[in-house]
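Here is the structure we will look at, set down as C-alpha cells.
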Amino acid sequence: MVKDYIKNKFVNPRQKFTQKISLKIVLLPTENLKNMIIQKTREEIELMRESALIVSKTLGMIASEIKEGVTTLYLDKLAEEFIRDHGAVPSFLGLYGFPNSLCMSPNSQVVHGIPNNTPLQSGDVISVDCGAFKNGYHGDHAYSFEIGEVAPEVKKLLQVTKESLYVGIREFKAGNRVEDVGNAIQKYTEAHGYGVVRELVGHGVGQKMHEEPEMPNYGKRGRGKLFVEGMVVAIEPMINLGTKNIKQHKDGWTITTADGKASAHFEHDVALIDGKPELLSTFQYIYKALGIESNEEDEFRKVPLVL
C-alpha cells in the first residue's frame with residue numbers, strides 16, 4: 001500500500017498544496033494497512049509512556065538551552081546525545097531520509113525545519129518536534145518556544161494553539177470519532193481568526209512512527225474512524241497566524257506559511273484508557289526549566305506526574 005508523507009506528519013490526500021511540490025512516497029508495511037487501528041495492551045502503553053517521557057525530558061533539556069544566539073544545529077546535537085544517553089535512539093534521524101534528530105521550525109516555518117547554523121534571535125518563535133524510540137515503541141511530541149521578547153499577536157497565537165491541543169484531547173474518548181477532535185480544534189482556533197493547516201495532520205503512533213488513524217485538526221463532528229480502547233495517537237494542532245495555506249521548499253522538507261506569517265505547533269501522545277484520554281507525554285519538564293506553573297495536564301492523568 002502506498003501512502004504520501006512529508007516526514008512525520010500524514011499528508012491528507014483530500015487536500016492539495018498551494019504550489020506544486022514533490023511528495024515523498026513511502027511503502028507502508030502490511031500491518032499498517034489503511035483502516036487498521038493497532039490497539040495496545042496496558043503493558044505496551046507503559047512502554048510507550050517511557051518513550052514519550054524521554055521526549056518530554058529532551059524538550060525540557062532544550063528549554064534550558066534555547067535562547068538568543070544559539071543555533072538550532074547545536075540544539076539538535078544536544079538532543080541526540082541526550083536521547084542516546086537515556087537508552088533510546090532518535091526517531092527522526094534518517095526517517096524517510098530526514099538528516100537530523102529534531103525538526104526545528106522557526107517563525108513562518110510550520111514543521112519539518114532542518115537544524116542549521118543560523119543563530120536564534122530575540123522575537124523568534126520555534127517549534128521543536130522530537131521523537132525517541134525505546135523498547136520497540138516511539139514517543140513523538142512537540143512544543144513551540146518563545147525566544148526573548150515576542151510580538152503580542154504571536155504570543156497569543158502560541159497560547160491559543162496550545163489551548164486548542166487540550167480542547168482536542170478532551171474529544172478523544174469512547175464513542176467519539178476522529179473528526180470530533182479536529183472539529184473542536186478547528187472551531188477553537190478559527191474563532192480567533194487563525195488558519196488551520198489542512199495538508200498536515202497528526203497520526204497514530206506505536207511500533208511504527210506513523211500508524212492509523214490520521215488525526216486532522218479540522219473536520220465535521222461524527223465523521224471518521226471510531227475511537228477504540230487501547231489506541232494511541234499524536235494530536236498536534238498546526239495553526240497559522242494568517243492563511244491556512246502552506247508551501248514546501250526546495251530542500252524537500254521545510255514547510256512554511258504561504259503568507260510568511262508565524263505558525264505554532266504543539267503535540268502530545270495520548271492513549272485511550274477506560275474510554276478516556278490519558279497523556280503519555282508532558283510539558284512539565286519544559287515548565288520546570290522555564291519557571292512556569294501549570295495544572296493544564298492534570299485532568300488527563302490518573303496519577304499526577306511527579307518530577
Report summary line: Sorted by chain and then number, the residues having a modelled amide H within less than 5 Å of the amide H of G131, at least 5 places away or on another chain, are S91, F92
**Report entry** FRET E, pair V303, H249, Förster distance 35 Å, beta-carbon r, rounded to 0.05
**Finding:** 0.20
**Report entry** For V111, distant residues with modelled amide H under 5 Å away
**Finding:** I255
Report summary line: Subtracting the Cα-Cα distance of Q121 and Q39 from 0.36 nm times their residue separation yields 25.2 nm
Query - Volume per residue that the Cα convex hull of the stretch 121-161 spans, once the total is divided by residue count, Å³ - result: 63
Report summary line: Rounded to whole angstrom, the alpha-carbon centroid of the stretch 251-292 lies from that of the stretch 68-137 at a distance of 13
Report task. Rank these by accessible area, largest first, 1.4 Å probe: K247, K134, K187. Result -> K187, K247, K134
Report summary line: For volume of the Cα convex hull per residue in Å³, with candidates (1) 158; (2) 118; (3) 137, the value calculated from the shown model is option (2)
Report summary line: Dividing the surface of the Cα convex hull of the stretch 244-302 by four yields a projected area in nm² of 6.7
Report summary line: Interchain or sequence-distant (5+) residues whose placed amide H lies within less than 5 Å of the amide H of I235 are H268, V270
Query raised in the report: Okay, helix-only estimate at 222 nm for the chain: each DSSP H run of n ≥ 4 adds -39500 (n - 2.57), divide by all residues, round to 500 deg cm²/dmol; what do you get?
Result: -8000 deg cm²/dmol
**Report entry** Peptides 277-289, 39-51 ordered by average Cβ neighbours within 10 Å, highest first
**Finding:** 277-289, 39-51
Report summary line: Hits for the chain under the membrane-span-like helix rule (DSSP H, Cα axial span at least 27 Å, Kyte-Doolittle mean at least 0.0) are 42-65
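The values are calculated or read from the model by the stated rules, or taken from the named source; none is laboratory data. Just so we're clear, the structure is a prediction, and the values are computed from it rather than from any experiment. In this analysis, Cβ positions are derived from the backbone assuming ideal geometry, glycine residues included, and neighbour counts consider all displayed protein chains. Side chains are part of the model used for accessible areas, which takes the heavy atoms of the whole protein and leaves out ligands, DNA and RNA. Shrake-Rupley method; radii C 1.70, N 1.55, O 1.52, S 1.80 Å.
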